[in-house]
Amino acid sequence: MKLHNISIIGSGYVGLSTALGFTSKGYAVIVSDPDKEKTKKIQEGSLPFHEPNLEELLKNAVKTGKLRCVPKCKEAILKTDISFVAVGTPNLPDGLIDLQYIEEASCEIGRALKKKTTYHLIVIKSTVAPTTTENIIKPLIEAHSSKNCGVDFGLCMSPEFLREGSALQDMLHPDRIIIGEYDKKSGDTLEALLRDFYSENTPPIIRTNLSTAELIKYASNSFLATKISFINTIANICEKIPGADVLIVAEGMGLDKRIGSLFLNAGLGYGGSCFPKDLKALITYSKKIGYQPTLLDSVEVVNKTQPYKAVELCKSFLTDLKEKNIAILGLAFKPDTDDMREAVAVPIIHQLLKECANITAYDPVAVPNAKSIFQDKIKYASSAIQCLKNADCCILVTEWPEFKKLAPEDFTKNMKQPILIDGRRIYDSSEFGRIMKFAAIGLGEIT
Ligand code: UGA
């Protein structure tokens, strides 16, 4: 069965990136979001977050009418025949995920489906714990629509693997597609749409049940987080061995095909809206169903302590940070985003403030978001060079491409004391270490 009139419920990062992936190939999409201000902004062609390549596409899709953004879920459901649900699932204080938005969306979808006489497929893209689609979403849609899943409407769970900063690329060229299906017709319908969309570039498709699809998302993010905490552990060991360098260790490990080189970049830890949240949710869910996930607990512990390595390295040079001027290069949780959620800059800056340091920070795009966290407790520079002026120590927190272009002289000429802590391993240690005090994550004493 071929259904090609697409709607997306939720205009957040995943929803809009997915919508614009579809419109970029000529599909018409209706996006719905109850936030009227946001829908108005999107309808005017303005992207509500920073993401490379999307704003141009959005402007074009709105202009040509390929994308419409509406506040009513009902309109989106009635005018289309396949809906992707991409609403947020944040953590609750106990670590489990907050289902408020997905429950509200399920009720709305159900009420809209009540008015429909034709088959409609619902595809859950939001990250939810195993059994949520079957035990919470399906009953809510059925109750509010008075229709039967598998008969009047279909239901799939197809997790997304988009990275912030390369969402469009990831949407257009995924490594794999996971289709968790309530019944065969639902899975066949989604597969037909995706095969049509990706045509000869269709990646491997795995069809499975709803709960397995839900777990694949958590397992994937938790595994990547594990890789990062693993290499950060090796980095911390390297720092105790004169001459050892985690960069070379990772290179040597990564060439083994069984290990692979990706996600072995040691640094100050992972952040963002996904890894910390998903790992916590999987740990909490696992404990709730009776399994103690010791390995995942350790991954989390390693990541929580890793940002403080930057402060330790700083103190190894300056001893007392009181009244010392610290320059922070990079605030966002990673380059190419303005997202400050769980950014490692946050615990680092809070610790430095606790130690009474004076902080000046620079980030190419995340300053407005950072201001809502730190207000005027820190100063904000308008360029990397301005940030370095008169600093006693600089900590490189986020590896933005423009920071990679800085030369040792940029530090020596502008800082009061040229001391650099490379928290993301972007600088050549022999070049920088020769003319200034230099320390880096995973680098044993320079011999
Ligand atoms: C992550 C996953 O990579 C996506 O596949 C997934 O769809 C997404 O979460 C999600 O669940 O929605 P994202 O959070 O955008 O995507 O960012 P990543 O590029 O995965 O980076 C996450 C964090 O790990 C960043 O703080 C980054 O600096 C850190 N990282 C990454 C490292 O410290 N070392 C590495 O080698 C790689």
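For the reader, a short list of remarks on this structure follows.
- Phe411 being free of Cβ contacts under 8 Å to residues at least 40 places away in the same chain and assigned to a strand (DSSP E or B): no
- Among residues of region 357-368 being closer than 17 Å to Val311 by Cα and either in contact with a Leu (Cβ under 7 Å, 6 or more places away or on another chain) or small (Gly, Ala, Ser) (or both), the one that is nearest to the ligand (Cβ to nearest atom) is Ala361.
- Of all residues in region 185-200, those that are more than 15 Å from Asn5 (Cα to Cα) have Cβ atoms under 9 Å from Cβ atoms of residues that are part of a helix (DSSP H, G or I) and at pLDDT 95 or above, 6 or more apart or on another chain, in Tyr198/Leu172.
- Some residue of region 363-371 being under 21 Å from Pro48 (Cα atoms) and free of Cβ contacts under 8 Å to residues at least 12 places away in the same chain: yes
- Some residue of region 353-366 being within 30 Å of Ala250 (Cα to Cα) and assigned to a helix (DSSP H, G or I): no
- Restricting Glu56, Glu37, Glu51 to those that are in a loop (DSSP other than H, G, I, E, B) and among the acidic types (Asp, Glu) reduces the list to Glu51.
- In region 324-340, the residue that is surrounded by the most Cβ atoms within 10 Å (Cβ to Cβ) out of those that are charged (D, E, K, R) and at pLDDT 95 or above is Lys324.
- Candidates Lys416, Lys389, filtered to the one that is in contact with a helix residue (DSSP H, G or I) (Cβ under 6 Å, 6 or more places away or on another chain), farther than 19 Å from Glu312 by Cβ and of a type in the set (Lys, Arg): Lys389
- Test for Ile348: is it under 21 Å from the mean Cα position of the chain (by Cα), crowded, with 23+ Cβ neighbours inside 10 Å and either on the phi < 0 side of the Ramachandran plot or not hydroxyl-bearing (Ser, Thr, Tyr) (or both): yes
- Cross-chain or 6+ apart pairs with Cβ under 7 Å, region 5-24 first and under 9 Å from Ala167 (Cβ atoms) and at pLDDT 95 or above, then part of a strand (DSSP E or B) and within 16 Å of the ligand (Cβ to nearest atom): Thr18/Ile8; Thr18/Phe84
- Region 199-218 - residue that is surrounded by 15 or more Cβ atoms within 10 Å (Cβ to Cβ) and out of contact with any strand residue (DSSP E or B) (no Cβ under 8 Å at 6 or more places or on another chain) and, of those, farthest from Asp170 (Cα to Cα): Leu215
- Once region 243-262 is narrowed to residues that are at pLDDT 95 or above, in a loop (DSSP other than H, G, I, E, B) and more than 9 Å from the ligand (Cβ to nearest atom), the residue that is nearest to Met340 (Cα to Cα) is Ser261.
- Check on Tyr270, buried (at least 23 other Cβ atoms within 10 Å of the Cβ), within 16 Å of the ligand (Cβ to nearest atom) and aromatic (Phe, Trp, Tyr): yes
- Test: residue in region 194-212 that is within 16 Å of the ligand (Cβ to nearest atom), among the β-branched types (Val, Ile, Thr) and closer than 22 Å to Gly21 by Cα: yes
Quick grid of which residues meet (1) touching a residue at least 60 places away in the same chain (Cβ under 8 Å); (2) over 21 Å from Ala345 (Cβ atoms); (3) within 12 Å of the ligand (Cβ to nearest atom):
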| residue | (1), (2), (3) |
| --- | --- |
| Cys274 | yes, no, yes |
| Ile283 | yes, yes, no |
| Asp297 | no, yes, no |
| Val302 | yes, no, yes |
| Phe317 | yes, no, no |
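- Cβ-Cβ under 7 Å pairs, at least 6 apart or on other chains, region 80-100 side at pLDDT 95 or above, far side part of a loop (DSSP other than H, G, I, E, B) and among the charged types (D, E, K, R): Phe84/Lys125; Val85/Lys125; Ala86/Lys125
- Close pairs from region 247-271: first in contact (Cβ under 8 Å) with a residue 60 or more places away in the chain, partner near the ligand (Cβ under 7 Å from one of its atoms) and among the aromatic types (Phe, Trp, Tyr), Cβ under 6 Å, at least 6 apart: Gly271/Phe333
- Here Pro335 meets the list (1) part of a loop (DSSP other than H, G, I, E, B); (2) over 23 Å from Leu443 (Cβ atoms) almost entirely, failing just condition (2).
The values are calculated or read from the model by the stated rules, or taken from the named source; none is laboratory data. Bear in mind that the values here come from a model prediction, so they are computed numbers and not experimental data. Positions of Cβ are generated from backbone atoms using ideal geometry, with glycine treated the same way; all protein chains shown enter the neighbour counts.
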